[in-house]
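The structure under discussion appears below in the form of structure tokens.
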């Protein structure tokens, strides 16, 4: 299907309306009828663009991921050093993780029940994030700000950096019992970049 500008407006309205409902009631309790009512469209209009509420849910999460990357790219551009760029990227990621922790329990339960959808979307966007982090590390190595490492080790370091965020995110998604790490981003990045040695 060729997407026109008018289609893009309708799709955006559907995603925005669905996001509101998912945040209030969760995925399980939200129906296609609810979404249609929320956006003032007929159910047939929704089915023209999306096969199911799960596809709309994917679109909502996909859009949130794209918004996160746009924020991260802007913050990275404003930072002067490679370490500053890692801090800027980390701050955005940690704020997003905290946001996950603050979601209502019903939304968290739905995310856990539909974890395969979440992982498929995250996997798709992880390539973009990995490239973003790899570029920052490579710039830091090239400028002498970070120690000299082999190109293959830059890939490994970027992967480890991303894996650390995955590890931090999981408890937030399940019980949200961790502190607000967005205020400790400098310490976190210092440890990740410099280790705990003297």
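The values are calculated or read from the model by the stated rules, or taken from the named source; none is laboratory data. Every value quoted in this text rests on a predicted model; they were computed, and no experiment measured them. Here the Cβ is made from the backbone with ideal geometry for all residues, glycine too, and neighbour counts use every protein chain on show.
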Give the number of residues within the stretch 133-161 that are surrounded by 14 or more Cβ atoms within 10 Å (Cβ to Cβ) and at positive phi.
-> 0
Out of curiosity, is residue 9 surrounded by fewer than 14 Cβ atoms within 10 Å (Cβ to Cβ) and either in the same structural domain as residue 89 (by TED's automatic domain parsing) or out of contact with any strand residue (DSSP E or B) (no Cβ under 9 Å at 6 or more places or on another chain) (or both)?
-> yes
Contact list, first residue from the stretch 187-198 and assigned by TED's automatic domain parsing to the domain that holds residue 153, second anywhere and surrounded by 10 or more Cβ atoms within 10 Å (Cβ to Cβ) and at pLDDT below 80, beta-carbon distance below 9 Å, six or more apart or interchain, is 188/94; 188/168; 188/181
Which of (1) under 30 Å from residue 189 (Cα atoms); (2) part of a helix (DSSP H, G or I) does residue 80 not meet, given it meets every other one?
-> (2)
